[in-house]
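Have a look at the structure below before the remarks.
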Amino acid sequence: MRMFIVNLLAAALLAFSASSAGAIALDLGGVNEQVVNQGDQVSVTVTLDTEATTGITLMSIGVLFDDSRLSYNQDLSTTTSYVLYGGKGGGGYLKASDTCGGYPQSEPQGCTVRVGTTNQVNVDYVSVDLNDGTANTGAGILLVTLVFDVLAEAPNGNADISLSQTSPGNVIGQPGGGSTTATLTGNGFVSVPEPGVAGLSLAALLTVGGLRARSRQRS
């Protein structure tokens with residue numbers, strides 16, 4: 001009897017750990033610590049890998065950015081209208097919410113900045129089947145392409161851009177009111193130099209290259 005109880009507890013713990021573990025992966029692409037100048041634009045992508053997770057009823061993932069150096073350009077940003085469509089046995093697909101252009105879209109649209117914030121864009125999707133969620137899975141699914149303008153008066157320094165699943169409004173919902181977590185990768189920054197520094201650096205490199213070429217010719 002004691003062994004039966006031990007086995008039952010072990011099975012329950014295994015089932016709990018499997019249901020509570022995050023099995024979804026989201027990646028932020030394009031934030032590779034590149035040097036940008038005032039007036040430039042930065043384009044990033046958010047891609048989804050369900051890692052075989054089914055039953056996703058809604059998804060809201062935050063993209064946080066440094067609003068002292070960057071400004072979100074919604075007009076140039078785009079959202080995939082729907083993802084995870086179909087699959088064996090049907091099932092609800094995820095469609096872009098109204099805050100991300102909705103479905104269907106007459107023209108590509110970007111998600112909006114979350115109300116009450118100046119540095120948070122929520123990537124919002126909702127299933128057409130809120131009871132069962134999605135039935136199929138996928139990897140490398142493009143959710144959004146977000147464009148940021150580097151402010152003309154941006155101070156020098158690093159401008160962070162990162163994913164969040166704990167900011168206001170963020171959740172990954174599952175049937176029955178449950179939720180799950182995701183593995184987030186790709187967080188980083190772009191570097192804004194002091195005005196004129198990038199140009200001076202380029203000029204210095206050209207000068208050094210010219211001096212080396214002359215030295216080789218003389219020798």
Computed over region 22-211, the distribution of all Cα-Cα distances in 10 Å bins, rounded to whole %, is 9, 34, 30, 15, 8, 3, 1, 0
List every residue whose amide H lies under 5 Å from the amide H of ASN122, counting only residues 5 or more places away in sequence or on a different chain, with H placed 1.01 Å from N in the peptide plane. VAL63, ARG114
Local charge sum around PHE189 (other residues, Cβ-Cβ under 10 Å, Lys/Arg +1, Asp/Glu -1)? -2
Using Cβ counts within 10 Å as a stand-in for footprinting exposure, how do TYR72, TYR82 rank, fewest first? TYR82, TYR72
5 Å is the cut-off here: which amide hydrogens, built 1.01 Å from N in the peptide plane, fall below it relative to GLY133, excluding neighbours closer than 5 in sequence? GLY92
Ranked on Cβ counts within 10 Å of their own Cβ, fewest leading, GLU107, GLU51, GLU194 go GLU107, GLU194, GLU51
For region 140-147, in residue order, the Karplus 3J(HN,Hα) values (coefficients 6.51, -1.76, 1.60; θ = phi - 60°; whole Hz; Gly and Pro = x) are x, 7, 6, 8, 8, 10, 10, 10
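At R0 = 25 Å, how high is the FRET efficiency between ASN187 and SER43 if r is their beta carbon distance? Nearest 0.05 is fine. Working shown, then result.
Values: r = 16 Å, r/R0 = 0.64.
Once rounded, the FRET efficiency stands at 0.95.
Express the relative contact order of region 22-211 as a whole percentage, based on alpha carbon pairs under 8 Å and six or more residues apart in sequence. Don't skip to the answer; put the middle values down first.
Values: 504 pairs, mean separation 67.4, N = 190.
For region 22-211, the relative contact order is 35 percent.
Among residues other than ALA23 whose Cβ falls under 12 Å from its Cβ, what is the net charge (Lys/Arg +1, Asp/Glu -1)?
Summing Lys and Arg as +1 and Asp and Glu as -1 gives -2.
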Can you find, among ASN37, MET59, THR99, the residue farthest towards the positive end of the dipole of region 22-211? Put +1 on the C-beta of Lys and Arg, -1 on that of Asp and Glu. MET59
Based on other C-beta atoms within 10 Å, arrange ARG69, ARG114 from fewest to most. ARG114, ARG69
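Determine the sum of side-chain charges near ALA96: Lys and Arg each +1, Asp and Glu each -1, restricted to other residues whose C-beta is under 13 angstrom from that of ALA96.
Around ALA96, the surrounding residues sum to -2.
Bear in mind that the values in this text are calculations on the coordinates, not laboratory data. Nothing here was measured: the structure is a model prediction, and the numbers come from that model. No Cβ is skipped: glycine too gets one built from the backbone with ideal geometry, and neighbour counts run over all protein chains shown.
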